[in-house]
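Working notes, beginning with the structure itself.
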Amino acid sequence: MATPAAEEIKNPHVEPLTQRNAWKALQAHSEKIRDLHLRTLFADDPKRGERMTLEAAGLFLDYSKNRITDETLRLLVELAQESGLKQRIEAMYRGDKINITEKRAVLHIALRAPKGASILVDGENVVPQVHEVLDKMTAFANRIRSGQWTGHSGKPIKNVVNIGIGGSDLGPVMAYEALRHFSDRDMTFRFVSNVDGTDFAEAVHDLDAEETLFIVSSKTFTTLETMTNAHTARTWLLEKIGGHQSSVAKHFVAVSTNAAEVSKFGIDTANMFGFWDWVGGRYSMDSAIGLSTMLAIGPENFQKMLEGFHEIDEHFRTAPFERNLPALLGLLTVWYINFFDAHTVAILPYDQYLKRFPAYLQQLTMESNGKHVTLDGNRVNYATCPIYWGEPGTNGQHSFYQLIHQGTRLIPCDFITFYRTVNNLGRHHDMLIANVFAQTEALAFGKTPEQVKAEGTPDWLVPHRVFEGNRPSNTILADELTPKMLGKLVALYEHSVFTQGTIWQVNSFDQWGVELGKALAQRIIPELESKTEPELKHDSSTNNLIRRYRKSKG
Ligand code: G6Q
């Protein structure tokens, strides 16, 4: 029986995943090509490395080193069609409430829609509101960056501390690191997220409070970690500058959807930058949550980042699936997760500026698709989201790549790199890029026992030195890591996640799985702090842990 919610979002009727024709065909097909080696695929088709590539919106994807044939691609595209991907994309772009468990539209694409576009939520065009906030952020950023906005003692702001967690932290941190080259080097940016007091203490230990601005970034303005850190920041500030409550307004601004709580905290709502319930936390780095990014790189660069996002949004909406970068990336992931029993995907950026990109993608992918029930509430009978992980290259090569090359797990990898660097030091860049190409070549083609023997390796050592190869990878190449390029890369993965979620028929936009632990922590905090011995009603392990901690506090 269709749920009312499913009707509400005009979800096209789709068969349960394992009953779709394309799924069954893919299953049969995967049996046939399971043992086909990339060596054979390349030998049989000398043009494969040129043919199985896709260039769009300034991104070049080489997907030839995947364990696929033309037939695989055809069937994956068919699966996307049978899964209603086209209709789901239209529903998202139209502002339908596709986040059915929270009854919300999902419109991060509206955050980067150009002025003049029209996207309706409950009959209202939201694009003008988006630009109103962007204009307000721009005016504020200009005042801070020019020194016009001063702290309570009249000094201009030199330090910006973003306080937020999850979606209100990972994007801003990642973007700041990625775009450091474009940032104002006279300013210092710090990010505080953890409720562990160390995070705050270390972030501010060398900062002059009189020159410091805190951005409290919280959609709800009720999150335990963020509010705890925000209160600690207020106490720190008032202590340092001499206790003027009125000066809070000069050193605190808020990014939130909750004006009442912002005002209660003591932040002037004139200095509050809003966003909307149709922006999910992990999809919000290009909303006002990106205020720290704008302060760092300036409004013009922020605008370019939005243009990059938008270019991929348009590509995703209009390109046929076989020529659609995010769709293809998403479908290839489905291929390995569901037909090769892969459990993880490695994100390997060969650009030091992207060092936080894997961490950012962990939330985007796993909080979105780490689900075990379908939209209509049935338990899935197939695997959903893989574990995403990674580190920048070449560092990873000297640690976990061993397992990717010779372990027993199949780990599809995304290598991401750029033709040009802003730090062109001697031969560094050629060496960096050589390592990308070498790794994907080694993973795909490996080294046979014959090749190892021919090198004069003694027989007993040969098995240890053999590389089986046939390890799949994508290579994503682009010009240079600019604000615009960062927007493109993030949008690429946002829509790849959407594609995967659509195939798996999960709600990629809620995150109920984070609730239980939060609620239990609220119950345990008073038990840890109680002056008298609390009556504990947890399991024996949790009770024991609580008692031990209380005892250690004395
Ligand atoms: C993201 C999640 C989550 C959220 C944080 C912070 O999609 O919803 O990571 O961003 O829990 O929430 P607030 O912004 O409300 O503080």
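The values are calculated or read from the model by the stated rules, or taken from the named source; none is laboratory data. The model shown is predicted, which means the values in this text are computed figures rather than measured ones. We place every Cβ from the backbone using ideal geometry, glycine too, and count neighbours over all the protein chains shown.
Anything in the stretch 141-184 that is in contact with a strand residue (DSSP E or B) (Cβ under 9 Å, 6 or more places away or on another chain) and more than 29 Å from GLU367 (Cβ to Cβ)? List them, or say none.
Within the stretch 141-184, ILE144, SER146, GLY147, GLN148, TRP149, THR150, GLY151, PRO156, ILE157, LYS158, ASN159 meet the criteria.
Restricting to the stretch 278-321, what's the tally of residues that are of a type outside the set (Gly, Ala, Ser), farther than 23 Å from THR222 by Cα and more than 17 Å from the chain's Cα centre (by Cα)?
So the count comes out to 18.
For the stretch 259-273, which residues satisfy the criterion of being touching a residue at least 60 places away in the same chain (Cβ under 8 Å) and surrounded by fewer than 20 Cβ atoms within 10 Å (Cβ to Cβ)?
The answer is ASN271, and nothing else.
So, GLN303, is that one at pLDDT 95 or above and more than 16 Å from the ligand (Cβ to nearest atom) or not? Even if it seems obvious, please write down each step before you answer.
Numbers: at pLDDT 95 or above: yes; more than 16 Å from the ligand (Cβ to nearest atom): yes.
So GLN303 fits the description; yes.
Kindly provide the set of residues from the stretch 279-313 that are in a helix (DSSP H, G or I), in contact (Cβ under 8 Å) with a residue 24 or more places away in the chain and of a type in the set (D, E, K, R), ordered by number.
Selection gives ARG282, LYS304, GLU307, GLU311, ASP313.
Specify which of the listed residues (MET227, MET285) is at pLDDT 95 or above, of a type outside the set (Lys, Arg), within 13 Å of the ligand (Cβ to nearest atom) and over 26 Å from ILE119 (Cβ atoms).
Working: MET285 fails: over 26 Å from ILE119 (Cβ atoms).
The conditions single out MET227.
Looking at (1) hydroxyl-bearing (Ser, Thr, Tyr); (2) part of a helix (DSSP H, G or I); (3) out of contact with any Gly (no Cβ under 7 Å at 6 or more places or on another chain), which one does THR226 not meet, given that it meets all the others?
(3)
Could you list all residues from the stretch 307-337 that are surrounded by fewer than 24 Cβ atoms within 10 Å (Cβ to Cβ) and polar (S, T, N, Q)?
Scanning the stretch 307-337 gives a single hit, THR318.
If we keep just the residues of the stretch 110-146 that are surrounded by fewer than 14 Cβ atoms within 10 Å (Cβ to Cβ) and hydroxyl-bearing (Ser, Thr, Tyr), which is nearest to PHE191 (Cα to Cα)?
SER146
Which of the following residues is hydrophobic (A, V, I, L, M, F, W, C), outside any loop (DSSP other than H, G, I, E, B) and within 30 Å of PRO463 (Cα to Cα): ALA359, ALA342, ALA434, ALA327?
The conditions single out ALA434.
Inspect the stretch 178-187 for any residue being in a loop (DSSP other than H, G, I, E, B), hydroxyl-bearing (Ser, Thr, Tyr) and away from the ligand (no atom under 13 Å from the Cβ) and give the result as yes or no. Don't jump to the end; show me each part of the working.
Going residue by residue through the stretch 178-187, those that are in a loop (DSSP other than H, G, I, E, B) are 179, 183-187.
If we keep only those that are hydroxyl-bearing (Ser, Thr, Tyr) too, we end up with 183.
Cutting the leftovers down to away from the ligand (no atom under 13 Å from the Cβ) gives us 183.
The answer is yes; a qualifying residue exists.
What number of residues within the stretch 509-554 satisfy the criterion of being basic (Lys, Arg) and part of a loop (DSSP other than H, G, I, E, B)?
Taking the stretch 509-554 first, the residues basic (Lys, Arg) are 518, 523, 531, 537, 547-548, 550-551, 553.
Narrowing the set further to residues that are part of a loop (DSSP other than H, G, I, E, B) leaves 531, 537.
So the answer is 2.
Pairs, please: C-beta under 8 Å, at least 6 apart or cross-chain, first residue more than 22 Å from TYR63 (Cα to Cα) and in the stretch 392-419, second assigned to a loop (DSSP other than H, G, I, E, B)?
Final answer for the pair search is SER399/GLU391; PHE400/GLU391.
Sort out which residues of the stretch 232-258 are in a helix (DSSP H, G or I), touching a residue at least 60 places away in the same chain (Cβ under 8 Å) and not hydroxyl-bearing (Ser, Thr, Tyr), and write them in order of number.
Selection gives ALA233, ILE241, LYS250, HIS251.
Quick check on ALA519: is it modelled with pLDDT of 95 or more and either under 21 Å from the mean Cα position of the chain (by Cα) or on the phi < 0 side of the Ramachandran plot (or both)? Give the steps one after another, and end with the answer.
Values: modelled with pLDDT of 95 or more: no; either under 21 Å from the mean Cα position of the chain (by Cα) or on the phi < 0 side of the Ramachandran plot (or both): yes.
So ALA519 does not fit the description; no.
May I ask you to say which residue of PHE214, PHE273 is under 30 Å from GLN303 (Cβ atoms), outside any loop (DSSP other than H, G, I, E, B), within 13 Å of the ligand (Cβ to nearest atom) and in contact with a helix residue (DSSP H, G or I) (Cβ under 6 Å, 6 or more places away or on another chain)?
Checking each option against the conditions leaves just PHE273.
Going residue by residue through the stretch 147-162, is there one that turns out to be crowded, with 16+ Cβ neighbours inside 10 Å, within 16 Å of the ligand (Cβ to nearest atom) and closer than 19 Å to HIS251 by Cβ?
Yes, that holds for at least one residue.
Given the conditions (1) part of a helix (DSSP H, G or I); (2) over 30 Å from ILE98 (Cβ atoms), report the number of the one that GLU367 does not fulfil.
(2)
Go through (1) crowded, with 22+ Cβ neighbours inside 10 Å; (2) within 16 Å of the ligand (Cβ to nearest atom) one by one and return the number of the condition MET366 breaks.
It is condition (1) that MET366 fails.
Suppose we keep only residues that are touching a strand residue (DSSP E or B) at 6+ places or on another chain (Cβ under 8 Å) and assigned to a loop (DSSP other than H, G, I, E, B) within the stretch 345-356. Which one would you say is farthest from ASP479 (Cα to Cα)?
Only one residue fits best here, namely LYS355.
Just to confirm my filter: which helices (runs of 4 or more DSSP H) fall fully inside the stretch 30-117 and include at least 1 residues that are within 30 Å of PHE275 (Cβ to Cβ) and in contact (Cβ under 8 Å) with a residue 24 or more places away in the chain?
Working: elements: 38-44, 48-51, 70-82, 85-94.
Fully inside the stretch 30-117 and qualifying: 85-94.
Quick one: GLY167 ticks every box in (1) within 16 Å of the ligand (Cβ to nearest atom); (2) not in a helix (DSSP H, G or I) bar one, so which box is it?
Tallying (1) within 16 Å of the ligand (Cβ to nearest atom); (2) not in a helix (DSSP H, G or I), GLY167 fails exactly one: (2).
For the stretch 188-211, what are the residues that are within 13 Å of the ligand (Cβ to nearest atom), among the β-branched types (Val, Ile, Thr) and over 21 Å from GLY274 (Cα atoms)?
VAL195 - this is the single residue of the stretch 188-211 that is within 13 Å of the ligand (Cβ to nearest atom), among the β-branched types (Val, Ile, Thr) and over 21 Å from GLY274 (Cα atoms).
Is it fair to say ARG104 is surrounded by fewer than 20 Cβ atoms within 10 Å (Cβ to Cβ), under 30 Å from THR417 (Cα atoms) and among the basic types (Lys, Arg)?
The answer is no for ARG104.
Would you pick out the residues in the stretch 491-508 that are part of a helix (DSSP H, G or I) and in contact with a Gly (Cβ under 8 Å, 6 or more places away or on another chain)? Walk me through how you get there before you give the answer.
First, pick out the residues of the stretch 491-508 that are part of a helix (DSSP H, G or I): 491-504.
Listed by number, the residues that qualify are ALA491, HIS495, SER496, VAL497, PHE498, THR499, GLN500, THR502, ILE503.
With respect to ASP341, determine if the residue is under 18 Å from the mean Cα position of the chain (by Cα) and either modelled with pLDDT of 95 or more or surrounded by 21 or more Cβ atoms within 10 Å (Cβ to Cβ) (or both). Break it down into steps so the answer makes sense when it comes.
On the way: under 18 Å from the mean Cα position of the chain (by Cα): no; either modelled with pLDDT of 95 or more or surrounded by 21 or more Cβ atoms within 10 Å (Cβ to Cβ) (or both): yes.
Judged against the criteria, ASP341 is not a match.
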